[in-house]
Amino acid sequence: MTDTLTSDVIGRRVEVNGELATVCFYGIVPPVAGLWLGVEWDNPERGKHDGSHEGTVYFKCRHPTGGSFIRPNKANFGVDFLTALKNRYALEEEAEAAGKEHLVTIGNKPVETVGFDSIIKQQSQLSKLQEVSLRNCAVNCAGDKGGIAEACPNIRNLDLSKNLLSLWDDVTDIADQLGHLEVLNLSENKLRFSRGPASPAGTFSALKVLVLSRTGITWAEVLRCATGWPVLEELYLAANNITILERPNDVLQTVKLLDLSSNQSIDENQLFLIAYLPRLEQLILSDVGISSLHFPDTGIGCKSSMFTSLQYLVVNDNQISRWSFINELDKLESLQALSCLRNPLTAGSRAETTRQFIIAKIGQLEMLNKCQILPEERRGAELDYRKAFGPEWRKAGGHQDPDRNRPSGEFRAAHPRYQLLCLKYGAPEDGELKTQQPFLLKNQLLTLKIKCPHQLDQKVIEKQLPDSMTVQKVKGMLSRLLRVPASDLLLSYESPKMPGREIELESDQQSLQFYSVENGDCLLVRW
């Protein structure tokens, strides 16, 4: 391939021994004779330098060890779409008519077949294909004009991830020939976008799902291309170092799911620019570094006009450490499901109590961290929350007499739903407020065995639980662990100090300490 390369090789994507790179230089590198390609690796640990050699800068890399010089004959520049398709599915174009033996490859194994029955026809005819995966098949372009439309026009689901596509124009050349295309995965292709029209009208007229993760696309390029995605419902933009600088006016209006994970520059002010997408139901913000959130358009106890259709929010792997973030989520009028794993707020030994508090703070939540919130768990969580912060409510001006119940603005800001819980369950009585609360205690952890006497195949489990943990919370924990509704669980315990005696844990609102459960005791679970 050395004799055929020209200067337009710059920007092309190549594969070398399984590693992907972008060509940044083509020419001579003295004092060594011959032509070289200067490449920037996707994996910077694969390289040796930053594009410099003996003091001369031949090209620039984003990482000090991201570059290498390689001989052109070591680089695989890829193949066109149809070549990759035939290679991937091992189709025999020149098979004879029925009645003769044919050699068809399934996976890596040649299989002899006699005749063309309906199943073999379905597998061997490109025009029948509707779902195609060409991941990591070195696709670099569409190939001959009209070839795809003639050979395989019925593709609806296409995976082109981790290929050698370098231009968005190459993508549109492929998609323009697939009029039924609904799902397109382009992740891990480093794409460049022209400044002209993003795509011919109608190219993506049926596209509903588009994956552009790890493609290097910018927000401005998303908005420019989005004019050609009239019915798009799901858009995945993870790990592109995106900064949202502009509101999507007249584009992305049909999007129901937006994935912005691992874009570390995104903050709450940028989120407000997408807050008015009318159909956005799912927003994925994992690993974006967000720590705070405040909807400025509304106050305590009111619903925001932002994200009015949002039902599912994912904020895993962030820096959320304050309850004010959770308080704000109660302002989202349609929010039903939340995932907030691996945040400072949810880490540590208080995970069970944290779950209860999140449930109490977000009134309409039905699913938390992919676990359903059953009515009995919500009731227990809200009662525990009301009790836990009762002393603070009292000190802030709270009172059982509704006419004198005027907690401070500071308390209401920290606990926006507390007054509502008092209306729902009644204000906490004096007797409840005398009990020390879990967050004010240095809880003693109890190491307990957990047995299920009626389930012989269930192994004995050992857990550490705080002695201040209520029976309701223990049931909630066991419900998720055993996948049994908490309302069906009956708890009791045995103690080595009282052999032969079993003590029932009758009241959901009492703590393990109340029942004198001690270190080394055994909880018995029946349903």
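The values are calculated or read from the model by the stated rules, or taken from the named source; none is laboratory data. Since this is a predicted model, take the numbers as computed values, not measurements. We place every Cβ from the backbone using ideal geometry, glycine too, and count neighbours over all the protein chains shown. Heavy atoms of the whole protein, side chains included, go into the accessibility calculation; ligands, DNA and RNA do not. Shrake-Rupley method; radii C 1.70, N 1.55, O 1.52, S 1.80 Å.
Test each condition in (1) more than 13 Å from A84 (Cβ to Cβ); (2) out of contact with any Phe, Trp or Tyr (no Cβ under 7 Å at 6 or more places or on another chain); (3) modelled with pLDDT of 85 or more for K109 and report the one that comes out false.
It is condition (3) that K109 fails.
Answer yes or no as to whether F307 is part of a loop (DSSP other than H, G, I, E, B), open to solvent by less than 20 Å² (accessible area, probe 1.4 Å) and outside the structural domain of K463 (by the TED database).
It is true that F307 is part of a loop (DSSP other than H, G, I, E, B), open to solvent by less than 20 Å² (accessible area, probe 1.4 Å) and outside the structural domain of K463 (by the TED database).
Can S479 be described as assigned to a loop (DSSP other than H, G, I, E, B) and within 20 Å of E382 (Cα to Cα)?
no
Go through segment 432-477 and give me each residue that's open to solvent by 50 Å² or more (accessible area, probe 1.4 Å), at pLDDT 90 or above, within 17 Å of E518 (Cα to Cα) and not charged (D, E, K, R).
Q464, the sole residue that qualifies.
Scan segment 346-372 for residues that are assigned to a loop (DSSP other than H, G, I, E, B) and open to solvent by 20 Å² or more (accessible area, probe 1.4 Å) and jot them down.
T346, A347, G348, S349, R350, G363, Q364, E366, N369, K370
Among all residue pairs at least 6 apart or on different chains, which show Cβ distances below 7 Å where the first residue, located in segment 65-81, is buried (at least 20 other Cβ atoms within 10 Å of the Cβ) and the second is part of a helix (DSSP H, G or I)?
G66/P44; F81/I148; F81/I174
Looking only at segment 124-166, filter to residues that are of a type outside the set (D, E, K, R) and open to solvent by 60 Å² or more (accessible area, probe 1.4 Å); which one of those is modelled with the lowest pLDDT?
Among them, the one singled out is Q125.
Quick one: is P485 open to solvent by 40 Å² or more (accessible area, probe 1.4 Å), over 24 Å from K331 (Cβ atoms), touching a helix residue (DSSP H, G or I) at 6+ places or on another chain (Cβ under 7 Å) and in contact (Cβ under 8 Å) with a residue 12 or more places away in the chain?
So P485 fits the description; yes.
Condition check: touching a His at 6+ places or on another chain (Cβ under 9 Å), open to solvent by 10 Å² or more (accessible area, probe 1.4 Å) and not basic (K, R). Does E54 satisfy that?
Here the answer is no, as E54 does not meet what is asked.
Test P391 against the stated conditions and say whether it is surrounded by 13 or more Cβ atoms within 10 Å (Cβ to Cβ), touching a residue at least 24 places away in the same chain (Cβ under 8 Å) and outside any loop (DSSP other than H, G, I, E, B).
Taking the combined requirement at face value, the residue satisfies it.
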